[in-house]
Number of protein chains: 4
Amino acid sequence: MIYFRSDYSQGAHPKVMEALMKTNMEHTDGYGLDVHCERAAQMIKELTGISDCDVHMMVGGTPCNVTVIAASLRPYESVIAVRSSHVYVHETGGVEATGHRIVAMDGVNGKLTPELIDRAWDEYEDEHTLLPRMVYISQPTEIGSIYSRAEMTAIADKCKEKNMLLYVDGARLGAALTCNENDLTIEELAGLCDAFYIGGTKNGALFGEALVIRNAKMNDHFRHMMKRQGGLLAKGRLIGVQFEALLEGGKESLYFEMASHANKMADILRSGLIEMGVEFYSDSPTNQIFPVFPVKVVRELEKDFFFYEWAPEKDGMIPIRLVTAWGTEEDDVRAFLSRTGKLL
Amino acid sequence: MIYFRSDYSQGAHPKVMEALMKTNMEHTDGYGLDVHCERAAQMIKELTGISDCDVHMMVGGTPCNVTVIAASLRPYESVIAVRSSHVYVHETGGVEATGHRIVAMDGVNGKLTPELIDRAWDEYEDEHTLLPRMVYISQPTEIGSIYSRAEMTAIADKCKEKNMLLYVDGARLGAALTCNENDLTIEELAGLCDAFYIGGTKNGALFGEALVIRNAKMNDHFRHMMKRQGGLLAKGRLIGVQFEALLEGGKESLYFEMASHANKMADILRSGLIEMGVEFYSDSPTNQIFPVFPVKVVRELEKDFFFYEWAPEKDGMIPIRLVTAWGTEEDDVRAFLSRTGKLL
Amino acid sequence: MIYFRSDYSQGAHPKVMEALMKTNMEHTDGYGLDVHCERAAQMIKELTGISDCDVHMMVGGTPCNVTVIAASLRPYESVIAVRSSHVYVHETGGVEATGHRIVAMDGVNGKLTPELIDRAWDEYEDEHTLLPRMVYISQPTEIGSIYSRAEMTAIADKCKEKNMLLYVDGARLGAALTCNENDLTIEELAGLCDAFYIGGTKNGALFGEALVIRNAKMNDHFRHMMKRQGGLLAKGRLIGVQFEALLEGGKESLYFEMASHANKMADILRSGLIEMGVEFYSDSPTNQIFPVFPVKVVRELEKDFFFYEWAPEKDGMIPIRLVTAWGTEEDDVRAFLSRTGKLL
Amino acid sequence: MIYFRSDYSQGAHPKVMEALMKTNMEHTDGYGLDVHCERAAQMIKELTGISDCDVHMMVGGTPCNVTVIAASLRPYESVIAVRSSHVYVHETGGVEATGHRIVAMDGVNGKLTPELIDRAWDEYEDEHTLLPRMVYISQPTEIGSIYSRAEMTAIADKCKEKNMLLYVDGARLGAALTCNENDLTIEELAGLCDAFYIGGTKNGALFGEALVIRNAKMNDHFRHMMKRQGGLLAKGRLIGVQFEALLEGGKESLYFEMASHANKMADILRSGLIEMGVEFYSDSPTNQIFPVFPVKVVRELEKDFFFYEWAPEKDGMIPIRLVTAWGTEEDDVRAFLSRTGKLL
């Protein structure tokens, strides 16, 4: 079975494992109060060019999203996001569990726009209605598309106009930053938002996301919130050690190298499928692509390849999700194209 | 200033006040454990023909909706409702405050349909997603429309198919039951759903809603939930006394008489406006109508009449909400038509 | 059956009912945005001598307590209260439902002390522990005792030292202010705390409590919080109208007159029982007293009198609660003493 | 600096790291749905002799406790625990964040008793009070003491009598099972409770706890709850792989070997200190001991040794916590005794 199911089907990149082995017998204090987390934070500040910020090592994407939202909003405040976003669709109501609504808007190619934010605001009136206070977007989006510099700037401007916080989920940030279409640097992204995270789990770490909070108000007693939400890992240094290994070398680091490889593998898949005339569920330049196949083809492919069906069948067609990662091998990609070519 | 702002701008119908006066010096036990609440419950069982149910006297619509949902759902379960529903738009996240999501669907003339329920279910996959478990509708809807017997039956069937609970918000139930278009009796409605309430606040009571729970599972420790949600009134008998006054006489009672009057006043308004060629934001046969006027006309009307602007201006037009009630006088209705006629 | 069960077993004082009748047919805006609520607020500002505050008309004590706490605290903050307090014992976890802990301390005659607050703080360490941020007390306490001026001042000082908010539940505030032992005026009380409420339900209103918030931070978007917690009554003016009637005349108003009567009735009961050598569960100078009787006596008394058993039997004795109110008649009090005298 | 601060100051036992390295490049499905988690679950069923149960791989102790409680209780239900318990003191209100109260009782040497459970029940009356539904204990307790077979059986019996669930937090279960005083086997413990967990983080894993649920009702949609609470790790197999390595060999496995070593190191510390006449804050036979030292001694010791001060100074004395672990070396233990001997 060849895996295109997710970018977290293997362990960690060997260099990450090596770093964990090398530091394994050290004694450090717990809960992220150690020299490795400190160094990783420093590396992130240098990488993003943002020195005045707080960095927290989070266990995973869902606890990161939920903790940020719960820590930032008052009880009567809501988050605006697209209906296809991870935080809305795939977190089993983790945000609602903290008492907050996600105001879900139908996105445009998976993306939010200033117009959609305005429309969400149309629902606000007075004390009888929830007050939108945060915009959640992810870069890339849940369906692989990316915000251009102009698009993200427009959203950031709209947030300022409405006195809203802008939070960027970067579970696959590496894929966005290293894809061919991207025109938004990590420094620019960091400068536009109030908080964002650099995802480790989906780019070669065992687990862990590095959350960067620029807006000091969002950071108030943040570690209390992490503990309360169950997200303060006892051996917190594990995340610090991994990010040291991932980010050593800054823009030339393993992190960007791995993301770039994943994108390259997706590029081969995408162009191969386009040549065969395949259509796509979304317009994605990153490491997730969503070709739409006849049901019969899907039934054949799933015998040898492991992937998600992304949406219910419609008119005999099903969109599937193919994900490539740091460990995806070109031979496997070629095998998929070859098999698909024969089936179509 | 003439009020078309809401159906709760006056106190209670004089007969309700009289009942409160007459029983005022009685001593009873608190929290709804008294003979008046008991008698009112009995009257409701007779009116609906449903003897095997539990009746709870609730202070208002929002605590009623929130308590029912919080008492019925497990933490990972959600409620499907239309996006224009009261529970979604006008309760400041009361439901989310209990940890549950309202899956908001764009309604058809303010109504939910089996197709929309199916579409909401398309978002459910497995443990990564919320499990829809209740359908919330109101009769009439937030924009005055009503479900026909066929429509509500189709929704009830869909709920059974999906193992979902059906809950009907009856804040203005009287208006639905007594309007000209209605073909659904209160017995039929009661028989189709798992729980519903008969609204008092918006039909001549000082306050109070009578919640009827037919599904015993939803009633498990329900009074604990009422207290926890802050909805167990110390002098609970006040609601019982009012419903005794409202429902004395069953289908010939004050409750139906008042609702019928409100509808009649709305009918006059509606047909008068139709004659003038006015268009409406929704198709409503009940005591709330939503004519759409040029901004200038609205600005003139609001000098003498008090009402809500229902939605933001669009192309120079604004939909307003006109509500009639048990105390609305025909002269005031005529005054509105006359003034509007001159302005258009 | 003679009622000593609670101070909310009857309707409202006839003058309150009269005010409701007189204003019944007025049209006003809903949700407490009306001239009666405004006037009542003004009367309260004059009565307390605190002009720079916000007044909210709340439906009942539990929603008032819960909304104040939920509106004032961040998610990782807790409330310190005595274990016998209403908010801890008798609100079915309404506070926990909003995500906050009540740090329960064993009180001294039902009261909190600066030493107990210090001991609660001993449990705070860092991000692994909850941060105490509010002190909740009630005046009088749940077992009838009252804070002297010196005692409440000491608590207020401790709150300032620890950067905590002081909130006073005044469900029976009238009873405290008019009892013989009291040396704390309403102006002084208002000046010592950040927020408190003047209870209506237990002193002659149908329902309703007037919440006074002096600390502007606690008032931020407070009406949003009221709605979210289900506590914004549609016909909010009902509470305003009642408080107008209750407080007309300030210190000479019906409110103080009724509380004073209730205390006088309790005084007769108390001194009668003391003469018989009865012991008490708590030292209470207000309208609730807690005599401890042999089980057999309780079983006889409950045939003619309706009251609560306050705690489980211990060594053959049971403490019961006797409550007097504005409507308690001296004959009934005498009947209780006479019957008890024969039984002991 | 020598660490006696916690049993999670190092990485994982080398054999655990080896297992992670060996499986690192495998592709598996995510979220714990893989062969390693399955095998680890099977090993746990064999070890405990409980085949009819569900095993979930949890990231850490706090998310495990919180998820179990949130999944098992209805909103108006509470948990009884001792006031010194981890779930009450050191989880920053994680349980309250899900809307549940922990009814905190002052423990006896850190332990709950049937009498304390009865006393907690005295606070339950009716719908105005929370209904106790779960007992939370840990084995060993937060201050190192253990329940004997007789003690835990008595608690289990009391739970059955009161229709309560019994949940055992086993963060340091290995230390309890392998200490000299213990007379309760893992099979017996598993048979007495409704759910418990085998802690990995504090006994040689990088992280991870294996939750065993015997009561099927508690397992209903449990994975939905795990996701909702942010505790479903993407690379869930990491926990499975670690438990395979920890439990290979059953009672002769690395898990018991490491716990036994930790206890042996604590035994040396304890007996050395007893010889010096040192007194202890608690009676603990496991790998955490709490000697009480004069402030001056603590100030000297902390220059070379890293540990927690467990409680505020009192009469010039401070209790500290010394924790030993799988990686503690006897030389370090001897160094502590030698240094302390000189200071006393």
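Can you tell which of A:249, A:208, A:236 is within 19 Å of the chain's Cα centre (by Cα) and under 23 Å from residue A:22 (Cα atoms)?
A:208
Give the residue, chosen from D:339, D:334, that is more than 14 Å from chain C (Cβ to nearest Cβ), under 27 Å from residue D:180 (Cα atoms) and free of Cβ contacts under 8 Å to residues at least 60 places away in the same chain.
Result: D:339 is the single residue among D:339, D:334 that is more than 14 Å from chain C (Cβ to nearest Cβ), under 27 Å from residue D:180 (Cα atoms) and free of Cβ contacts under 8 Å to residues at least 60 places away in the same chain.
List every residue pair whose Cβ atoms sit under 7 Å apart, with the two residues 6 or more apart in sequence or on different chains, where the first one lies in segment C:91-109 and is within 7 Å of another protein chain (Cβ to nearest Cβ) and the second, anywhere, is surrounded by 24 or more Cβ atoms within 10 Å (Cβ to Cβ) and acidic (Asp, Glu).
Hits for this filter: C:96/D:96; C:99/D:96; C:100/D:96; C:101/D:96.
Is it true that some residue in segment D:146-168 is of a type in the set (S, T, N, Q) and under 30 Å from residue D:264 (Cβ atoms)? Please lay out each step first, then the result.
Residues of segment D:146-168 of a type in the set (S, T, N, Q): D:148, D:153, D:163.
In the following step, the residues that additionally are under 30 Å from residue D:264 (Cβ atoms) were identified as D:148, D:153.
Yes: segment D:146-168 contains one or more residues that are of a type in the set (S, T, N, Q) and under 30 Å from residue D:264 (Cβ atoms).
Within the set of pairs 6+ apart or on separate chains, which have a first residue in segment B:222-244 that is more than 7 Å from chain C (Cβ to nearest Cβ), a second that is open to solvent by 10 Å² or more (accessible area, probe 1.4 Å) and of a type in the set (Val, Ile, Thr), and C-beta atoms under 6 Å apart?
What qualifies is B:237/B:28; B:241/B:23.
Just to verify a result, which residue in segment B:130-151, among those that are within 14 Å of another protein chain (Cβ to nearest Cβ), open to solvent by 10 Å² or more (accessible area, probe 1.4 Å) and not hydrophobic (A, V, I, L, M, F, W, C), is farthest from residue B:189 (Cα to Cα)?
The residue in question is B:133.
So in segment A:253-262, with the set limited to residues that are open to solvent by 20 Å² or more (accessible area, probe 1.4 Å) and within 21 Å of residue A:188 (Cα to Cα), which one is nearest to the other protein chains (Cβ to nearest Cβ)?
Filtering first and then ranking leaves A:257.
Does residue C:270 qualify as being in a helix (DSSP H, G or I), free of Cβ contacts under 8 Å to residues at least 12 places away in the same chain, more than 14 Å from every other protein chain (Cβ to nearest Cβ) and out of contact with any Leu (no Cβ under 6 Å at 6 or more places or on another chain)?
no
Exactly one of these conditions fails for residue C:164: (1) touching a Phe, Trp or Tyr at 6+ places or on another chain (Cβ under 8 Å); (2) over 28 Å from residue C:327 (Cα atoms). Give me its number.
With respect to (1) touching a Phe, Trp or Tyr at 6+ places or on another chain (Cβ under 8 Å); (2) over 28 Å from residue C:327 (Cα atoms), residue C:164 is out only on (1).
With the structure loaded, tell me whether residue D:257 is charged (D, E, K, R) and either more than 16 Å from residue D:7 (Cβ to Cβ) or more than 21 Å from the chain's Cα centre (by Cα) (or both) or whether it fails that test.
no
Output yes when any residue across segment A:66-75 is more than 10 Å from chain D (Cβ to nearest Cβ), within 22 Å of residue A:199 (Cβ to Cβ) and under 19 Å from the mean Cα position of the chain (by Cα), and no when none is.
Yes, segment A:66-75 contains a residue that is more than 10 Å from chain D (Cβ to nearest Cβ), within 22 Å of residue A:199 (Cβ to Cβ) and under 19 Å from the mean Cα position of the chain (by Cα).
Report, by residue number, each residue of segment A:313-329 that is open to solvent by less than 50 Å² (accessible area, probe 1.4 Å) and aliphatic (A, V, I, L, M).
Keep residues of segment A:313-329 that are open to solvent by less than 50 Å² (accessible area, probe 1.4 Å), which gives A:316, A:318-328.
The answer is A:318, A:320, A:322, A:323, A:325.
For (1) closer than 16 Å to residue A:55 by Cβ; (2) assigned by TED's automatic domain parsing to the domain that holds residue A:139, each residue gets a yes or a no:
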| site | (1), (2) |
| --- | --- |
| A:199 | yes, yes |
| A:210 | yes, yes |
| A:216 | yes, yes |
| A:220 | yes, yes |
| A:227 | no, yes |
| A:261 | no, no |
| A:264 | no, no |
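Does residue A:60 count as out of contact with any helix residue (DSSP H, G or I) (no Cβ under 9 Å at 6 or more places or on another chain), under 30 Å from residue D:6 (Cβ atoms) and at the interface with chain D (Cβ under 9 Å from one of its Cβ atoms)?
Yes; evaluated as a whole, the condition is true for this residue.
A quick yes/no check of all residues on (1) within 30 Å of residue A:35 (Cβ to Cβ); (2) open to solvent by 60 Å² or more (accessible area, probe 1.4 Å); (3) not in a loop (DSSP other than H, G, I, E, B):
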site	(1), (2), (3)
A:251	yes, yes, yes
A:266	no, no, yes
A:282	no, no, no
A:296	no, yes, yes
A:311	no, no, no
A:332	no, no, yes
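The values are calculated or read from the model by the stated rules, or taken from the named source; none is laboratory data. Treat the numbers as computed from the prediction; the structure is a model and nothing was measured. For neighbour counting, all protein chains shown are included, and Cβ atoms are generated from backbone atoms with ideal geometry for every residue, glycine included. Protein only, heavy atoms only, side chains kept; ligands, DNA and RNA dropped before computing areas. Shrake-Rupley method; radii C 1.70, N 1.55, O 1.52, S 1.80 Å.
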